[in-house]
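No lab work stands behind these numbers, since they all come straight from the coordinates. No experiment lies behind these values; they were computed from the predicted model shown. Virtual Cβ from ideal backbone geometry, glycine too; neighbours counted across all protein chains shown.
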Amino acid sequence: MTYCLGILLPDGLVLASDSRSNAGIDQVALVKKLAVFEVPGQQVVAVLSAGNLATTQAVVTALRESAGSGAPGQDLHAARSMFDVAQLIGGKLREVIARDGHYVQPFGDPHGTFLVGGQITGEPPRLFHIYSAGNFVEASDRSRFLQIGETKYGKPILDRALTNATTLDEAAKLSLLSFDATMRSNLSVDAPIDLLRYAADSFSARNLATVEKDDPYWIELRQRYAEGLANLVSSIPPPPQWG
C-alpha cells in the first residue's frame with residue numbers, strides 16, 4: 001500500500017507521495033512513486049502511483065521511453081493539454097493491464113491508479129485521478145484534493161483545514177500532517193515523502209523535495225502538532241453529565 005495526495009489551488013499544486021512498497025511482512029522496500037516530466041518553460045507533469053508496483057512502473061517507464069519521441073498518442077511532451085495527458089496515461093494503463101493482468105491475477109491484484117497533476121502552456125494547472133479502468137476524474141474549486149492508496153487517515157485534516165484561500169506553503173504543511181496521521185495509523189505507509197510545490201505558470205519542478213525521517217522540519221512539525229492537539233484537548237471543557 002502507499003499514500004499519494006494531490007491538492008489543486010489558485011496558486012498552483014501540491015503533490016506528495018510516500019515511498020513504502022509492501023509485498024508481505026518480510027518484503028518491504030522503498031520505491032519512488034512520484035515521477036516528473038518537464039519541458040522547461042512549457043510543461044510540467046507529475047505522475048504519482050499506487051497499486052501493483054509492476055503495473056505502475058511499467059506505465060511510467062513506457063511514458064519515459066516515449067517522451068520526446070513525437071509518437072502520436074504516446075509522447076507526453078507533445079500533449080496539448082492536461083486532459084490529453086490524462087487520456088494518454090489512462091490508455092497506457094489499459095494496455096499494461098490487458099497485456100499482463102491475466103498472468104498476474106493468480107498471484108495478486110494487477111491494477112494500479114494514478115494522480116496526474118501539472119500545467120501545459122495555455123491553460124491553468126490541473127489535477128486528475130486515473131482509475132484502474134483508465135478513466136479519470138478532475139479536481140475543481142469545489143473538490144480541491146484527490147487521494148489514492150491508503151486515503152482514510154489523512155483525509156480529515158484536509159476536510160477541516162483546506163480552503164480556496166490556502167497558500168502553497170500552508171497546503172504543504174497540511175500535506176505533511178496528512179501523511180503523519182496516515183503513518184501513525186498504518187504501517188504500510190512510510191517516509192521518505194516526495195513533496196512537490198508547483199507554482200502556477202512557473203513551468204518548473206525545482207520545488208521538489210524529499211523529506212526523510214530524520215529531517216529536522218519533519219520532526220518539529222510532528223512534535224508541535226502532537227503537542228498542540230494535546231493542549232487543545234486539555235483546554236476544552238469536559239462534556240456535561242447528560243441524562
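Could you tell me what % of all Cα pairs in the range 144-243 have separations over 18 Å?
Cα-Cα pairs in the range 144-243 separated by more than 18 Å: 57 percent.
Less than 17 Å apart at the alpha-carbon level, and either on another chain or at least 8 residues along: which aspartates and glutamates does that give for Lys213?
Cross-link targets: Asp18, Asp180, Asp190, Asp194.
Placing unit charges on C-beta atoms (Lys and Arg positive, Asp and Glu negative, everything else neutral), compute the dipole magnitude of the chain about its Cα centre in debye, rounded to 20.
300
Among the trypsin sites (Lys or Arg not before Pro) within the range 154-243, which fall in a DSSP loop and have no more than 16 other Cβ atoms within 10 Å of their own Cβ? Display every interim value, and only then the final one.
On the way: sites: Arg160, Lys173, Arg184, Arg197, Arg206, Lys213, Arg222, Arg224; in loops: Arg206, Lys213.
Counting only loop positions with at most 16 other Cβ atoms within 10 Å, the trypsin sites (Lys or Arg not before Pro) in the range 154-243 are Arg206, Lys213.
5 Å is the cut-off here: which amide hydrogens, built 1.01 Å from N in the peptide plane, fall below it relative to Gly12, excluding neighbours closer than 5 in sequence?
Amide H neighbours of Gly12, under 5 Å, 5+ apart: Ala200.
Along the charge dipole of the chain, which of Ser204, Pro156, Ala54 sits closest to the positive end, that is, farthest toward it, with unit charges on the beta carbon of Lys, Arg, Asp and Glu (+1, +1, -1, -1)?
Result: Pro156, furthest along the dipole toward the positive end.
Compute the relative contact order of the range 3-234 as a whole-number percentage, counting only Cα pairs closer than 8 Å that sit 6 or more residues apart in sequence. Before the final figure, lay out each step's value.
Values: 446 pairs, mean separation 64.0, N = 232.
It comes to 28 percent, rounded to a whole number.
What 222 nm value per residue comes from the helices of the chain, counting each DSSP H run with n ≥ 4 as -39,500 (n - 2.57) and dividing by all residues, nearest 500 deg cm²/dmol?
Working: 5 runs with 82 residues, N = 243.
Using -39500 (n - 2.57) per qualifying helix, the result is -11000 deg cm²/dmol.
Starting from the Cα gyration tensor of the range 66-171, take the square roots of the eigenvalues, sort them a ≥ b ≥ c, and report rounded, prolate or oblate (rounded when a/c is under 1.5, otherwise prolate if a/b is larger than b/c, else oblate).
oblate
Could you give the length gained by full extension between Ile157 and Phe107, i.e. 0.36 nm per residue of separation minus their alpha carbon distance, to one decimal place?
Once the chain is fully extended between Ile157 and Phe107, it gains 14.4 nm.
How are the C-alpha pair distances of the range 3-234 spread across 5 Å bins, as whole percents from the shortest bin up?
Values per bin, smallest distances first: 1, 7, 14, 19, 20, 16, 11, 7, 3, 1, 0, 0, 0.
When we measure straight from the Cα of Lys92, which lysines land under 19 angstrom away, once same-chain ones fewer than 8 places off are left out?
Lys33
Where the centre of each part is set by its Cα atoms, how far does the range 183-206 sit from the range 92-137, in angstrom?
Between the Cα centre of the range 183-206 and that of the range 92-137, the gap is 19 Å.
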